[in-house]
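A short write-up of the structure that comes next.
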Amino acid sequence: MELIIFKIIVSVLIVISLVFISERNSKLGGLIIGMPLGTGIMVFFYGVEQGADFVIKAIPYGISGMVSTIIFGMGFFLGGRMFKDNRMLAVLSSYFTGLIAYLLSSFVLSLLNINLALSLIIFIFGLLTSLIFYRSVPEGNKIKIKEFKFGVLIFRILFVVAIVLTITELAHIIGSKWAGIIASYPTTLSPLLIILAYSYKHEIYPVLLKHLSYSFSTITLFYLLVLWLFPIFDVYIGFIISYIICFAYLFLLSKLNFYKFITHFTH
């Protein structure tokens with residue numbers, strides 16, 4: 001019961017905070033979500049509930065599974081180009097196009113016997129494809145932030161809770177292969193995109209997706225750190241150290257103007 005409550009609190013705080021940040025700076029929102037937020041939550045609870053060995057076996061599929069998350073974002077972006085005059089249909093089109101793309105790519109990955117080396121190759125290919133895909137997306141402009149409404153906040157909270165609990169509980173009935181892939185389901189990203197798409201149409205989320213693609217390497221680093229640290233420390237200490245290193249890594253990349261270099265390279 002305590003773990004369920006913790007899942008709810010952490011997930012809601014992350015998504016609602018990201019909505020707040022993305023409304024004001026979509027580039028920053030994209031970079032922050034490059035931290036292992038949703039993935040980190042899944043890995044942590046897999047470790048606590050299923051054990052460190054379960055997590056370690058799932059890591060190669062988790063790394064390659066991020067390609068499915070990348071493809072989800074592409075599908076969401078393409079789906080959002082339809083029904084521009086109808087907000088609800090546009091959001092539904094975005095989400096279900098992204099979901100279908102995610103499930104198809106995940107199914108293909110589930111057919112493969114993926115080791116760590118192959119997972120890294122798959123991820124690098126997916127990352128480069130993403131950088132090229134979003135290169136024509138312009139930088140965000142200033143927008144008028146929606147007025148705060150308590151009812152909207154409650155809906156967002158319930159929506160996030162439903163998604164997170166559904167995905168994490170699936171670990172009890174699936175093996176480590178699918179658990180790794182499901183861990184890379186955009187648990188944080190999908191409710192964030194839906195909220196932003198419904199509230200602001202296409203004004204924010206394309207820029208967020210563009211800058212998210214620049215920071216996906218942080219999640220790969222997180223997986224490699226978990227693979228190294230969980231056997232040495234327990235789940236809790238290993239998780240904390242992994243997060244600290246990932247934060248320092250993302251901060252360093254931003255200071256080195258890594259994102260500008262990659263943008264220039266992919267053009």
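For the range 205-227, enumerate the residues that are under 18 Å from I14 (Cα atoms) and in contact with a Ser or Thr (Cβ under 6 Å, 6 or more places away or on another chain). Within the range 205-227, L208, I219, F222 meet the criteria. Where the second residue is at pLDDT 80 or above and not in a helix (DSSP H, G or I) and the first is crowded, with 23+ Cβ neighbours inside 10 Å and lies in the range 43-60, which pairs have Cβ atoms under 6 Å and are six or more apart or on separate chains? Here the result reads P60/I114; P60/N115, each pair linking the range 43-60 to a residue that is at pLDDT 80 or above and not in a helix (DSSP H, G or I). F222 passes every criterion in (1) under 20 Å from G62 (Cβ atoms); (2) assigned to a loop (DSSP other than H, G, I, E, B); (3) touching a residue at least 40 places away in the same chain (Cβ under 8 Å) apart from (2).
Residue-by-condition table, conditions (1) part of a loop (DSSP other than H, G, I, E, B); (2) at pLDDT 80 or above; (3) closer than 16 Å to Y198 by Cα:
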| position | (1), (2), (3) |
| --- | --- |
| G98 | no, yes, yes |
| L109 | no, yes, no |
| N113 | yes, yes, no |
| L118 | no, yes, no |
| L128 | no, yes, no |
| R156 | no, no, yes |
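Can you tell me which of S68, S26, S94 is modelled with pLDDT under 80, out of contact with any Cys (no Cβ under 9 Å at 6 or more places or on another chain) and not basic (K, R)?
Result: S26 is the single residue among S68, S26, S94 that is modelled with pLDDT under 80, out of contact with any Cys (no Cβ under 9 Å at 6 or more places or on another chain) and not basic (K, R).
Applying the condition of being part of a helix (DSSP H, G or I), in contact (Cβ under 8 Å) with a residue 24 or more places away in the chain and among the small types (G, A, S) to the range 61-90 and asking which residue is surrounded by the fewest Cβ atoms within 10 Å (Cβ to Cβ) yields A90.
The residues listed here are I114, I70, I63, I41; of these, the one that is over 22 Å from F247 (Cβ atoms) and out of contact with any Asp or Glu (no Cβ under 9 Å at 6 or more places or on another chain) is I114. Filtering the range 185-212 to residues that are under 14 Å from L92 (Cβ atoms) and either basic (K, R) or free of Cβ contacts under 8 Å to residues at least 60 places away in the same chain (or both) leaves only K201. For the range 76-87, the count of residues that are among the acidic types (D, E) and either under 27 Å from I56 (Cβ atoms) or modelled with pLDDT under 70 (or both) is zero.
Of L208, L252, all but one fail to be at pLDDT 80 or above and of a type in the set (A, V, I, L, M); the exception is L208.
The values are calculated or read from the model by the stated rules, or taken from the named source; none is laboratory data. All values reported here derive from a predicted model rather than from experimental measurement. FYI the Cβ positions are ideal-geometry reconstructions off the backbone, even for glycines, and counts take in every protein chain you see.
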